[in-house]
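Report on one structure; see the data block that follows.
Computed from the coordinates by the stated procedures, all read-outs in this text should not be read as laboratory data. Everything numeric here is computed off the predicted structure, so don't read it as measured data. Cβ sites come from the backbone with ideal geometry, for glycine too, and all protein chains shown count toward neighbours.
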Ligand SMILES: [Zn+2]
């Protein structure tokens, strides 16, 4: 069985501050990366214990090169570096048996979740798939559904799971921390978080073997509605083919091909980065 993992950082137990998530912050960032590595390796080891024979890890956070590839467990392959055409979902295709989301976090539009955002917080104030507000996990589920690979494992705070559950029936979830505000959380001890992730990942693979994890089942034609921080950003977003303005600060991507919707969304994130000031 082949496992593909998208790893983020804001949902890792013990990570609560942007200093821990951004390169250039010395010891804080090093600690963040260390905590991330622990949870990623726990997920890899658990997946292998549950029957995975190949694991590919797609680094989906910030500059997307947060780990020392030599330190990855299980001989996992590592997709790292920026400007990937499929961004947080780079490398997934129909050859895989399971999708894992590790270290994920809540949406910009939802209730407080540690460092919550939806791709770029300076650009997006909300996103809806088929009319329901989603986080990054819901947008990324478009790609999982397209390739018919179920989301089998999710880790992050409790808001992350609430927002991912509609797309991951039958998945195992591990709650690593309870968010208090966007900048604070009650965290599991990292040793305990890793233990739960290792055990959960093993269980997830067993469920995949039994066929008890469902695809996201996103109804087609599907809509991805985007809400922007400002009207000028919405204006730039419509330069991407397939993106239609719906409001002063809103635009919609619609279609039957979920991968095309996601690809247009990625294009929006790239071209609006300048307008968002980043
Ligand atoms: Zn991130």
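Just a few scattered comments:
- Residue of 59, 17, 225 that the Gaussian network model of the chain assigns the largest fluctuation, springs spanning Cα pairs under 10 Å: 17
- The angle separating the long axis of helix 26-49 from the principal Cα axis of greatest extent in the chain is about 70 degrees.
- GNM flexibility winner over the chain from 183, 52, 171 (Cα, springs under 10 Å): 183
- Relative contact order computed over the range 1-148 (Cα-Cα under 8 Å; 6+ residues apart), in percent: 28 percent
- Cα-projected label distance for residue 95 with residue 148, points at 7 Å along beta-carbon direction, nm: 1.7 nm
- Among beta bridges that DSSP assigns inside the chain, antiparallel share in %, nearest 5: 50 percent
- Centre-to-centre, using Cα atoms only, the range 189-230 and the range 54-78 are separated by 18 Å.
- Rg over Rh for the range 1-156 works out to 0.94, using Cα positions for both radii and the Kirkwood form for Rh.
- In the chain, the longest principal axis of the Cα atoms and the axis of helix 136-146 are about 90 degrees apart.
- Placing pseudo-labels 7 Å out from each Cα toward the beta carbon at residue 63 and residue 82 gives an inter-label distance of 0.8 nm.
- Extending 7 Å from the Cα toward the beta-carbon at both residue 178 and residue 209 defines two label points whose distance is 3.5 nm.
- Anisotropy class of the range 153-278 from Cα gyration tensor, a/c 1.5 cut: oblate
- For the chain, the longest principal axis of the C-alpha atoms and the axis of helix 190-210 are separated by about 80°.
- Residue among 188, 36, 226 with the largest mean-square fluctuation in a Gaussian network model of the chain, springs linking Cα atoms under 10 Å: 188
- Overall, the ratio between the Cα radius of gyration of the range 107-185 and 2.2 N^0.38 Å, rounded to two decimals, is 1.07.
- Cα-Cα pairs of the chain separated by more than 31 Å (percent): 20 percent
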